[in-house]
Each structure stands twice: as C-alpha cells, then as structure tokens.
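Reviewing the structure listed below.
The values are calculated or read from the model by the stated rules, or taken from the named source; none is laboratory data. Small disclaimer: the values here were computed from a predicted structure and weren't measured. Positions of Cβ are generated from backbone atoms using ideal geometry, with glycine treated the same way; all protein chains shown enter the neighbour counts. When the accessible area is computed, the model is the full protein with side chains, heavy atoms only, and any ligands, DNA or RNA have been set aside. Shrake-Rupley method; radii C 1.70, N 1.55, O 1.52, S 1.80 Å.
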Amino acid sequence: MRRRAAGAGLVFLLPALVLFGYFAWWPIVQSAILAFQRTNLVDAAEWVGWANFEQLFADPLLPTAALNTLWFTALSMLIGLPLPLLVAVAMSELRRGGALARVLAYLPVVIPPVVSVLLWKVFFAPGENGVVNAALGLVGLGPFPWLQSPELAMPSLVVVATWSGAGTAILIYLAALTGVATELYEAAELDGASVWRRIWHVTLPQMRGVILVLLLLQIIGALQVFTEPYVMTDGGPANATVTVLLMIYRYAFLFGNFGVASALSILLALVLVVVSAVYLRLTRSWSSS
Amino acid sequence: MHTRQRRIVGATAAIALVAGLAACAAPAGEEDDGVVVITVMGMPAATNTAALELFQQQVAEFEELNPDIRVVGSDVPWDAKTFAARLAGGSAPTLLRVPLTEPPSLIERGQVADIAAEASELDSFEELNPRVMAFLERDDAVYGLPEKSYAFGLVYNRALFEEAGLDPDQPPTTWDEVREAAKQISDATGKTGFGEISTNNSGGWHLTGYTYSNGGSMIEPGTDGAYTASFNDDAARDVLEWWKQTRWTDDSLGDNVLGKQEDMVAAFAAGEVGMWVSAPPDLYPQFINAGGDPEIYGAGAMPQGGADATLAGATVLMVNAKASAEERDAAVKWMDFRALRPNYDPEVAAAYAEVSAEDGLPVGVPVLPIFSEEKYAEIQEAIAEYVNVEVANFDPYVASLAAFEYVPEPLVASQEIYAALDPIVQAVLTDPNADIEQLLDDAEARVNTILEQAQG
C-alpha cells in the first residue's frame, strides 16, 4: 500500500521534476559543457579542452576582480552582518511603535534593486551638491568623491547593498527573537543583569543558528555582487569595483565569449560549494560542541 | 477508470501540456507557401504614431511590390545583452539595426552574413559613399549597408559660450583652444567647461577618437597581417596629459567623470556642461528628448592635434548569419526600400520629412552623407520646406566634414579594447597622481593579449 502511494506521488511530482530539471539543472549542465567549448551560437560549438580556463587565467583582471569581490564580501560582513542584528535587537526592546519600525526597516527591500541603486548614485554625487556631501557639509565634512575615488567606491557600494538588503535580515532576526524563551530573560532580570548582559548572555546564544544561516547566505550573496557595481560604477574607477560576476557578464554579453564566461561561472560556483561545505562542517561541529 | 489510472492520465496530460508550451516558443516560420518571412529591426515605437504609420505604409507598399516577402517589424532596439541569447534560441531578427561599434565583433564572430551578392544588384550600391562603406567591407565581402552615418565633433552650449565671453559661432578647433575655452567657461559660469565620460566602454571610445585627432592609431597590422597595439606613443600620451591638466590643473572638467553617454546627455541638456565630444547629428534627437533647448545646441569640428582626422561611425543594417539565401535577399531588398531610398530618392525623402515634421521630430539635422555630396544636396533641397532644426548652428561641424579623414574604430576586438582602456581614462580623471607612462604600458600589454586571443 505504502509503495503504491509512493508511486502515485512520484507521478504527480514528475511534472515539477521535469520543469525543475529543465529550467534549473539543465542550464547548469549546459554551462559546464560550454566552459569547454568555443561557440558563436551560429556554427556548431567546437571543443577546446582547457583553453577557456587558460584564457581566463591569462587575464590580468582576474586577480583584481577576485580580490575586489573578497574585499566587498569582507566589508559586507563588517557592515552588513552586525547592523541588522543590532537594529533587530534594538527594535525588539521597543515598548511602542514596533510595527512602524518594522515597516520602515523593511521599506528599502520593497524598492526594486536597480531603482535603489540609481537613487544612491544621485545621493553619492560628487561635489557639494550631492545629497550625502550636502548632509556632511552641515557638520563641516567633505565633500568626498564617493564613487569617483578608487578608495571610497567599494565601501560606498557596500553601504548601498546593506541599505537595500538589511530589511530582510532584520525581519528574520526579529522572528528569531520571538523564539527566545522569555523565562530566561526573567531569570536574568531577577539576577540584576543589565540590557547588554541580557543581550550578550541570553539573546545572542539563543540566536546562534539563525545568525550562522544568515552569515552563509550573506557570504554567498556578497560573492555574487553584480547590480551595484554594474549600475553605479561599471567596475570603475580604474577597475576598483570590478567583481567576478561583472567579469562574467562582460565576457558573455560584451565580448560574446560564452566559453570563458561559463568557465568563470563554474569556478565561482565551485568556490561557493566549498564555502557552503566548510560552513556546514563548522556549524555541525559548533552545534555538537 | 481506476483512481490510479486517472492519476497517470492526468500527469501525462500535464507533461504533454508543458511540452506543447515549450514547442510554442519556436521562432516564426521561415517560409510558408513560398512566402519568405523576415523580421526587421527599426520599426518606430508605438508612441511615435506618425513614424509608425509611415513604417506600416511602407511595409504594405513593399509587400505589394514583393508579394513573395512578408515583413514583420520589431521596435525592440539593438541590445548586445539579449542578442546572443536570441541568436542561440533562434529568435534573433533577420535584419539587425546596430551602431557602428558592433560590426567588427559581429563580423569576427561570424554572426552576420556576407551580402555582397545581393547588395551589388541594388541600383544605388555603387553610389554609396566609399568612406562609409570602408567600415562594412572586408576583402570582397559586404557585411552591411549604412542607414545613417556620423563623425565625432564638438557639441557645445551656445548660451554658456556667450556667458563666458566666447563667440558661439567660432567654437574652438584645436585641443589647446578647447582647454582655454573650458577654463573660461568654468571660471565664468561655475559649470563644467568640458565634460568627459568614461564608463561602459565610452572612455576607451573617446580615447580612441581623440588619439586619431592627434595622428595616432590604436592597433596596426604587422607584416603577417596580425594586429598589435599601437597606442603607446605621443598621440595617446598627449590625450591623457590633456585630460590630466584639464581635470586637475584647470579644474574645468568637472568632478563627475564616472558616467556614460546618457548621463552626459542629461547634464548637457540641463545646461550644466559647456562642451564635450560626441556625434552631433546623432545626439541632437536625444538632446531634444531630454528637454534641451534647440537654440543653445552648437556643433563644431572635432578638435584637432594636427591630424585633420576624426573617428566616424554609423547606424548600420546587417543580416543575421542564420538567414537563408531567400531571407538574405528579402532583407537586402527591404534595406534598400526603407533605408537607402530616403537618402537617394528625393520624393521619398520629402515624404519622410513631412511625416517627421508633423510628429514634431527633428528634420534637417546635417549628417555625414551616405551617398555622394551631390546626392546629399539634392535630398536637402527636397526636404527644405520641412526643416525645423537650427541648421546654421551645425555650420562649423558641417564645414569640417569635407576636410577630415574618417578613421574607423579598431577592426579587431573593438569592444574588448575599449573595455581595457576605460580604466586608464578613469585613472587619469580620478587620481591626480596617475602615472601615465605606467598606465599606457599596462594597457598596451593588456590589449596585445586581447588581440592575440581574438586573432588566435
């Protein structure tokens, strides 16, 4: 009986599997094949072995793009990871206006990414008339060439990415905070623990699982950063914000070299798989310890 | 029917439905009862009612003249990002309408067809301006026909010129004069004296155009025919030095240097920029569209560093390499009917001009002729009564067109080369201590690698 039910379930699952396989997995397989081919999409593709990878590694921009991507990821961790957590914890301590705060915190996520990025491009306009510079000018700072300076461009992009993505993380943290056992807080309060001690000794340890999941998602997301450098700086100035994904995009759509673009995509995917595996390994050992 | 059987039938039906939907995504039929169907880019958008109406009339007229051809218009503009995917999926148009930056790479990748046989049968083919056709012919092959062409020139704001005490009828013609005028505009008005763009390959594109005006070149073929970088010399070095001085010594280049052409059009239309380099005729409709005042639009000669040369470009019509011989033939007939005739047949030109003027579109913008000077004069005479543009404001630009040599964009890997040059332009414009020698050395090595791979 159970076997029959399973068989019937499989039949119903089949369309979904077919669709998922065709639209999600087949492109990945094709991309892997394309990494070893040269094609102009008109004539039959030609097998070229490792030539695409060799061409890729001969590109002096690759190390720059890889380092820039790591730099973006590191900055995202520094700014983008603690900030939503702090905001969520602060919001959970609010006695009034919690709903309004949640709406305000989530609002940037509702704005389409390209719109928010273009908006920030205006904010970061150089000179005294740029919105950010005008605000800083009130306290006697600047003006700074935010996107026009090789040093400031990447941190500026991280600010934009954090602003547009933090809302989701805040909501997840808020949801997780509701799961923290209230009796622990009561016990801590009875023991005379301050707000900071309650956060440090009760809230954070209880939320470790969620924090670790979001950390992984953020690393995977940050390593694939594209919209911000593509729309705001096009990789400039002087290659300061060229990322791996921007390179993939250029190889594929600007230079029409799908082989090398696929080769780089596969390498990036492998790195992400390794990151995920290491992370899973670590979290397993942490949770068992 | 048992429940289980019903389930299987249901699931099979669902799969069949999905498969059916997938099959619907196949491209339009190529031939149907002997009728050749071609999809053509260049149909005006639905919002441009008069031009669209004219297009539809032309299609009807064309189909009447050629009952074995059916034309399906597409108002989707050229987009490098989607073209490759559409080509792979079999849904790329038969007739492509592309800016002249694209043909070198499309030709190299074999994605466009040789139409020499079909084109040479056209009445007007022999009369096409050889300076324009030079970009589209390789050996004996012809890869496209021009729809319109342009050459780089100086676009300037006549009002800001007057405000700064400069004569708007005498725009600067050398790079030294441009630098002086830029400083004067910037000092007198507080606006950007000379605007520059440097992203999305526009930095490399401009460096190329400016280098040509200094007598330099970007790539040169060796004795074996293989191209190598040739820009690591004084011609390009002087451009970079000029930028450095205008940006950092004079402070007249503005501080917003990390933009592309669209950004500069908006700033220029808003009256924030005194001068910049672009293709004046091509830019004019965009300028009007962005709310620019037609009175202030000035077009001057491409500033020179002694070479009397300018980078030339065009909007070009090409045929998809996947097109059959019949489709190729039909596409070339359509190119002649729609694009060449208005520049060749005075009657057609007048009809075009009338409709455009009615719709409020610019008529009479002086362009680089795609046929002979005589033919151009004949056409100008035919459309004279519909001209609604301040033609006199283009006089300095028009006067330069006959005098200059037109230099094409790099024939191999043009977009890759531009992409490799963007960073060095950006470095000079964003870093006062940029080492020009080092930048040129690095760029030369990079471009040589690109050329090696492209020609390998």
Q: Go through B:225, B:207, B:278 and say which Cα lies farthest out towards the positive end of the charge dipole of the stretch B:161-287; charges sit on Cβ, +1 for Lys and Arg, -1 for Asp and Glu.
A: B:225
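At most 16 other C-beta atoms within 10 Å and a DSSP loop state: those are the exposed GluC sites (Glu not before Pro) I care about. Give me the longest piece of chain A that has none. If you can, show how the numbers build up before the last one.
Working: sites that count: A:93, A:128, A:151.
Between the exposed loop sites, the longest stretch runs A:152-289.
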(Q) Using only the heavy atoms of the protein chains and a 1.4 Å probe, how would A:225, A:48, B:76 rank by accessible area, largest first? (A) B:76, A:48, A:225
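Please compute, for peptide B:253-260, the average count of beta-carbon atoms on other protein chains lying within 10 Å of each residue's beta-carbon.
Values: counts 0, 2, 8, 7, 5, 13, 4, 1.
Partner-chain Cβ atoms within 10 Å, mean over residues of B:253-260: 5.
Could you work out, residue by residue across B:417-430, how many beta carbons of other chains sit within 10 Å of that residue's beta carbon, and then give the average as an integer? Provide the component values of the computation, followed by the final result.
Details: counts 0, 1, 6, 3, 0, 6, 10, 2, 3, 10, 6, 2, 4, 12.
Average per residue, whole number: 5.
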Q | chain A: most fluctuating residue of A:94, A:174, A:215 per GNM, C-alpha cutoff 10 Å | A | A:94
**Q.** Pairwise centroid distance, computed over Cα atoms, of the stretch A:115-189 with the stretch B:264-313, Å
**A.** 38
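Rank-order A:251-263, B:53-65 by packing density, defined as the average count of other C-beta atoms within 10 Å over each peptide's residues, highest first. Walk me through the intermediate numbers first.
Numbers: A:251-263: 22.8, B:53-65: 14.5.
Ranking the peptides A:251-263, B:53-65 by packing returns A:251-263, B:53-65.
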Q.
Order B:376, B:406 by their accessible area, 1.4 angstrom probe, all chains in place, largest first.
A. B:376, B:406
Q | Part-to-part distance (alpha-carbon centres) for the stretch B:93-166 and the stretch A:23-66, which is given in Å | A | 32
Q | Dipole of the protein assembly as shown, positive end: most advanced residue of A:184, A:68, B:346 [Cβ charges, Cα centre] | A | A:184
(Q) Quick check: from the Cα gyration tensor, does chain A come out rounded (a/c under 1.5), prolate or oblate? (A) oblate
Q. With the Cα gyration tensor of the stretch A:1-94 giving a ≥ b ≥ c as the square roots of its eigenvalues, does the rule (a/c under 1.5 for rounded; else a/b larger than b/c for prolate; else oblate) give rounded, prolate or oblate?
A. oblate
Q) So what is the calculated 222 nm ellipticity per residue for chain A, using -39500 (n - 2.57) for each DSSP H run with n of 4 or more, over all residues, to the nearest 500 deg cm²/dmol? A) -20500 deg cm²/dmol
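When a/c is below 1.5 the answer is rounded, else prolate if a/b is larger than b/c, else oblate, so apply that to the protein assembly as shown with a ≥ b ≥ c taken from the square roots of the Cα gyration tensor eigenvalues.
Details: a/c = 1.93, a/b = 1.32, b/c = 1.46.
It comes out oblate by the Cα gyration axes.
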Q) Heavy-atom accessible area of residue B:255 with all protein chains present, probe 1.4 Å, nearest 10 Å²? A) 60
Q. Given the protein assembly as shown, what count of lysine pairs have C-alpha atoms under 21 Å apart, with each pair 8 or more places apart or on different chains?
A. 13
Q: Treating only the Cβ atoms of Lys and Arg (+1) and Asp and Glu (-1) as charged, compute the dipole magnitude of the protein assembly as shown about its Cα centre; round to the nearest 20 debye.
A: 6220
Q) Just going by the charge dipole of the stretch B:309-456, with Lys and Arg at +1 and Asp and Glu at -1 on Cβ, which of B:366, B:323, B:438 is farthest out on the positive end? A) B:323
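Kindly state, to the nearest 0.05, the FRET efficiency for residue A:111 paired with residue B:223, given R0 = 60 Å and r defined as their beta-carbon distance.
Details: r = 58 Å, r/R0 = 0.96.
Plugging the Cβ-Cβ distance into 1/(1 + (r/R0)^6) gives 0.55.
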Q: For residue B:322, tell me the accessible area in Å² from a 1.4 Å probe, rounded to the nearest 10.
A: 90
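Give me a single rounded figure for A:234-244: the average over its residues of other chain Cβ atoms within 10 Å of their Cβ. Before the final figure, lay out each step's value.
Details: counts 12, 6, 13, 14, 14, 6, 4, 0, 1, 0, 0.
Mean partner-chain Cβ count within 10 Å for A:234-244: 6.
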